[in-house]
Every structure is written in C-alpha cells, then in structure tokens.
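One structure is given below, encoded as structure tokens.
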Amino acid sequence: MYDVLILGAGPSGLAAAIYAGRANLKVGVIENMMPGGQVLLTESVENYPGTVKGESGMELIMRFEQSAKDFGAEFIHDDIVEVELAGDVKVLKGANNEYRSKTVIIATGSKRRKLDLPGESEFIGRGISFCATCDGAFFKNKDVFVIGGGDAAIEEAVYLTRYAKKVTVIHRRDELRAVKSLQIKAFENEKIDFMWNTVPVAFIGEGLLTGIRVKDVNTGEEKVVESSNAGENIGVFIFVGNLPNTEKLVGHIDVDKSGFIFTDKEMRTNVSGVYAAGDVRVKTLRQVVTATADGAIAAYDASKYLEEK
C-alpha cells in the first residue's frame, strides 16, 4: 500500500515524487519506459529556470530522477493495463504486478499526433519521423521538410539544419505560432525556407520516401514536392501537436474530446483522491516549467487530502 502512486516519470511525475517524498509519504513512481517523457527528445533545454547552458533534456531529467530518489521515491517499471480509481483504495493493475494506493497522480504525458494521411504509416522509419534529435543524422545533406508551425516544429527545424542540405517548413497558415525568439532563429537561418498556406495530403515513394503531395489551402491547387536532386529520398518531420496518453483511463475519469484530463487549479480530477499533472491535463501551456509546477501542486494537495482522511 502506497500513500501516493504516480503514473509517469516525466517532469510532472518526478516533481510530484519530490514533493510527496518531502512530505514523508510512501511514494511509488510507475513508468513503462525510461524516465523523462518527451523532454528526452530535446537536445538543449533553454526555457527552464536554472538549467545549465547547453544542458540536454536527458541531463535535466537525470537530476530530477536523482532528487526524487533522494527523497525516498520507489521507481517501478511496469505497464498499467487496468485501473480502479473510484474507491478509497485505488488499484492499478500492471503487466507484472498489482499496486494499491490511497491517492494517484496521473502524469502520463502525451505523444506526437499523426496526420493519418495516405502513405504516412508506410513511411514511418523510412523517411517520416516525429523526433529530429533521434533521426536527424540520417538525413545528412538531404532535403528535409518539417510539418507544423508551433514551438516544437520550429525548434526542430533549426536543429535539423546542422544535418540537412535544406529544411522547408510546411505550415497551413501564413504566419508561425512559435514564440518570437524561435521565429527569429528560423527566419535568420539561411538553410530554412517556408511553404505557407500549405498542407500535406499524401506521402509518396517506393521503399523510401521521395515526395510529398501538398495542397494550397487558399486555391486548392495540389503539387508534389521532392528533393532538389531528382529521385533522392527526403526526410519529413511531423510536429502538429500532441495526444494524451489516457487510453486506459477513459471511462474512469472526466476528459475532453481529445482525451486530456479535466482538473481544477489544485490538479484534482472529478474522482476523489485522483490528480492529474503535466501534459496529460487540459491546459494552455505544455512546457517543463508548467509540468513541474503541476506535479508540485498535485503532490501538495494529495498530502492535504491524506491528512484529512
């Protein structure tokens, strides 16, 4: 029996573990992969207070994880397949074991959204990627296309210029959504071009991705964009938002139409003793700094909940 079980070991889950541990609670952190979540894909974290210049997401998470362990958090490697959240004792059933706790903090994060276009599934790993730091080096001196216009898309486009011959950002609007500091970096980079008011409609190739059929959203005109070297394979990196990792939780907890969890300002869900923190909940800004704040608040309120029981 735990006082607090935390689902997920990203920034929000690790922050919750630190705060719950500091409250002298028995804390378990359940993760089916390595700790870190999506921040592991970030080569350099620049917007978290106090980070070391040039520090990677992995290096930051290693410090978070060690802090959680220093305050007594137990780390459990398992994949939760079923949950029972309604009672005073919450039951989480994993592939390896069953876990019981008085409170639960859901910090399962999110994953990259796919476009669900013709050819997409076929070319994932054969030209299509969702992680520039993972796969950018495979496209050295190639033409690369980034789909999206938010922070992640532009940050990754800038990163890809160290490998690619040219990076073209394909965006459905006529201006970017990314923060101004990232926009300036992209506009000043001679290796980055922009294809405005354009959306992809299909991915083309034989074995490897060699082209994208795109459509002008204003005129409806379609064309195929390919490598500047005829017939050469290209890289496409898709950054069009995230989907929450809540598949096992739908039906047990209130979520919006996309599956993000509703909470109040104390991170409480509609189920007593159950909290949500970080990217998995309904919120306007999904960053490491807001994730850690969510985790701290959730753990603090969970400790108050336990005191009142």
Based on a Kirkwood Rh over C-alpha pairs, give the Stokes-Einstein translational diffusion coefficient of region 190-309 at 10 °C and viscosity 1.306 mPa s in µm²/s.
87 µm²/s
Treating only the Cβ of Lys, Arg, Asp and Glu as charged (+1, +1, -1, -1), what charge dipole size does region 1-125 show about its Cα centre? Round to the nearest 20 debye.
340 debye
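Can you tell me what share of the DSSP beta bridges in the chain is antiparallel? A percent to the nearest 5 is fine.
45 percent
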Multiply the residue gap between ASN189 and ARG173 by 0.36 nm, knock off their C-alpha separation, and tell me the result in nm, one decimal place.
3.8 nm
I need LYS102, LYS111, LYS309 ordered by Cβ neighbour count within 10 Å, fewest first.
LYS309, LYS111, LYS102
Cβ charges +1 (Lys, Arg) and -1 (Asp, Glu), total dipole of the chain, debye
260 debye
Exceeding 32 Å between C-alpha atoms, which entries from my cross-link table qualify? They are LYS114/LYS309; LYS69/LYS191; LYS102/LYS257.
LYS114/LYS309; LYS69/LYS191
If you place +1 on the Cβ of every Lys and Arg, -1 on the Cβ of every Asp and Glu, and leave all else neutral, what size is the dipole of region 120-238 about its Cα centre, to the nearest 20 Debye?
220 debye
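At a 10 Å Cβ-Cβ cut-off, how would you order ASP256, ASP301, ASP143, ASP294, fewest neighbours first?
The fewest-first ordering by Cβ neighbours comes to ASP256, ASP301, ASP143, ASP294.
To the nearest µm²/s, what D does Stokes-Einstein give for region 120-238 at 37 °C and 0.692 mPa s, using the Kirkwood radius over alpha carbon pairs as Rh?
For these conditions, the coefficient is 233 µm²/s.
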C-alpha long axis of helix 288-308 to longest principal axis of the chain, angle in °
20 degrees
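Every number in this text was worked out from the coordinates using simple rules, so none of it is lab data. Computed from a predicted model, the values in this text were never measured in an experiment. Glycine also receives a Cβ, built like all others from the backbone with ideal geometry; neighbour counts cover every protein chain displayed.
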